[in-house]
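Here the structure is laid out as structure tokens; the discussion comes afterwards.
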Amino acid sequence: MDANGAGTGPARGPAPKNLRAVVDPVDRAILRVLAEDARTTNQSLAQQVGIAASTCLLRVRALRESGAIRGFHADVDPAALGLELQAMIAVRLAAHARGSMGPFVARIRRQPEVVDVYFVAGANDYLLHVAVPGTSDLRDFVAEHLSRDPDVALTETSLIFEHTRAVGRL
């Protein structure tokens, strides 16, 4: 359990389709504070949003159960793990693979190089954020896990020179 009375894993169950209906202004304030620092204690969180600590704990639990809070994590610099090269890889699935989107995501998200998977609109279907030790590892990842996949029609790789997390966007 963390200081907010919740585990550190992802939330259980599917998120509701309309989170706005279950998130009021106090919940939004809680989410903003936790997005800035998920290690904030329940007491500090309650003070920052102007509610009792017991109420805050109940609200955080409800936000986890609703799927509004998907989990708590440490924002680790991949370079600290020896993963010096990051890239965004746009992936377009073949027309015959439109029914295989779920299995594709299930396969690709298990790869240790994959940091995040984004389902996107536009010419491509997915953006993969990957982190690897170097260029040969990136080449191997693309060749082994994307180019050889019969469901993948096209990939386009963009190197990430620097990543800075935005602050105060919630």
Any residue at all in the stretch 156-168 that is of a type in the set (Gly, Ala, Ser), in a loop (DSSP other than H, G, I, E, B) and without any contact (Cβ under 8 Å) to a residue 40 or more places away in the chain? yes
What's the total number of residues in the stretch 29-87 that are closer than 30 Å to Ile160 by Cβ and either of a type in the set (S, T, N, Q) or outside any loop (DSSP other than H, G, I, E, B) (or both)? 14
Pairs under 6 Å by beta carbon, first residue assigned by TED's automatic domain parsing to the domain that holds Leu138 in the stretch 86-107, partner outside any strand (DSSP E or B) and among the polar types (S, T, N, Q), six or more apart or different chains? Ala90/Asn124; Arg92/Asn124
When the residues of the stretch 105-117 are filtered to those that are touching a His at 6+ places or on another chain (Cβ under 9 Å) and closer than 17 Å to Pro78 by Cβ, which remaining residue is surrounded by the fewest Cβ atoms within 10 Å (Cβ to Cβ)? Asp116
When you check Ala46 against the structure, is it more than 19 Å from Leu128 (Cα to Cα), of a type outside the set (Phe, Trp, Tyr), surrounded by 16 or more Cβ atoms within 10 Å (Cβ to Cβ) and without any contact (Cβ under 8 Å) to a residue 60 or more places away in the chain, yes or no? yes
Some residue of the stretch 14-25 being modelled with pLDDT under 95, of a type outside the set (Phe, Trp, Tyr), touching a Phe, Trp or Tyr at 6+ places or on another chain (Cβ under 6 Å) and in the same structural domain as Arg70 (by TED's automatic domain parsing): no
Does Ala95 fit the bill of being under 19 Å from His145 (Cα atoms) and touching a Ser or Thr at 6+ places or on another chain (Cβ under 9 Å)? no
The one condition Glu113 fails out of (1) touching a Leu at 6+ places or on another chain (Cβ under 9 Å); (2) touching a residue at least 40 places away in the same chain (Cβ under 8 Å) is (2)
So how many residues does the stretch 98-130 have that are part of a strand (DSSP E or B) and more than 11 Å from Met88 (Cα to Cα)? 1
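The values are calculated or read from the model by the stated rules, or taken from the named source; none is laboratory data. Computed from a prediction, not measured in an experiment: that's the story for all the values here. Backbone-built Cβ (ideal geometry, glycine too); neighbour counts: all protein chains shown.
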